[in-house]
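Enquirer: Following this message is one structure expressed as structure tokens.
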Ligand SMILES: [Zn+2]
């Protein structure tokens, strides 16, 4: 089992993590990084440790930074195992727009050879177990509803007690719920907690020494945000006034921590407002 850590030195702007599992019957890759160029680097890393065929690519969700390198893995022979809901944050018609927007983020050179490869060959919505070369790899969505996104999956190795959590856990920033829901995220965190993992690989940032600690920190953050937004709504404070209580966004850094916290607060305010009105969030 290998983890390919992203650049963890830039806070929540850091690059995503990926991983791969080598078995005697092939390799299972978890996430494909943010561009074809990064996907090629990932394949080179895999080739530096094994000649086994790359059989599967599991996608933890459909955000660009986790799957825009997928086409390279697919061309290398991988079949894609993912949640079928690829429309995370973008509708089907907007996938072209998402590609253009992402090209501005990572640069044209990084995106050379890009094509979407996140539509699953094998669909997972509940739980699926891969048995390959004597290894058991459980891929699943063991909670109800959207959490970080509508299409989150986790990868669990029960014998090794290792979990790849995708962006349900972020070690160097905050877990985003703008494409998912805070209630769903709390359910997903409870499912992660119940695994009692020895190692939890977050979607971004370093592997925490204490997995339960990172899960608890994430739960406290989301619970705190829900309480704050609920308080604002009950005191008839508008969304804008509720956001005023948060740190100002950093000028010129749209993906800074403060900006992310405000986007989360915005989403949670609307979600809690619906809950209080008895509507489906
Ligand atoms: Zn994500």
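The values are calculated or read from the model by the stated rules, or taken from the named source; none is laboratory data. Predicted model only: the values in this text are computed from it and were never measured. Here the Cβ is made from the backbone with ideal geometry for all residues, glycine too, and neighbour counts use every protein chain on show.
Enquirer: Please verify whether region 168-176 includes one or more residues that are part of a strand (DSSP E or B) and modelled with pLDDT under 95.
Expert: yes
Enquirer: Scan 184, 145, 180 and give me the residue that is at positive phi and either within 16 Å of the ligand (Cβ to nearest atom) or modelled with pLDDT under 95 (or both).
Expert: None of the other options fit; the residue is 145.
Enquirer: Just checking, does region 50-63 include any residue being touching a helix residue (DSSP H, G or I) at 6+ places or on another chain (Cβ under 8 Å) and away from the ligand (no atom under 15 Å from the Cβ)?
Expert: yes
Enquirer: In addition: Of all the residues that make up region 157-174, how many are more than 9 Å from the chain's Cα centre (by Cα) and either under 13 Å from residue 126 (Cα atoms) or within 15 Å of the ligand (Cβ to nearest atom) (or both)?
Expert: Of the residues in region 157-174, the ones more than 9 Å from the chain's Cα centre (by Cα) are 157-164, 171-174.
Filter again for either under 13 Å from residue 126 (Cα atoms) or within 15 Å of the ligand (Cβ to nearest atom) (or both), leaving 164, 171-174.
Matching residues across region 157-174 total 5.
Enquirer: For residue 215, indicate whether it is within 18 Å of the chain's Cα centre (by Cα), under 24 Å from residue 5 (Cα atoms) and part of a loop (DSSP other than H, G, I, E, B).
Expert: No: the conditions fail for residue 215.
Enquirer: With respect to the numbered conditions (1) at pLDDT 95 or above; (2) part of a helix (DSSP H, G or I); (3) more than 15 Å from the ligand (Cβ to nearest atom), which one is the sole condition not fulfilled by residue 209?
Expert: In the conditions (1) at pLDDT 95 or above; (2) part of a helix (DSSP H, G or I); (3) more than 15 Å from the ligand (Cβ to nearest atom), residue 209 misses (2) alone.
Enquirer: Out of all the residues in region 34-42, is one or more crowded, with 18+ Cβ neighbours inside 10 Å and under 16 Å from residue 154 (Cα atoms)?
Expert: no
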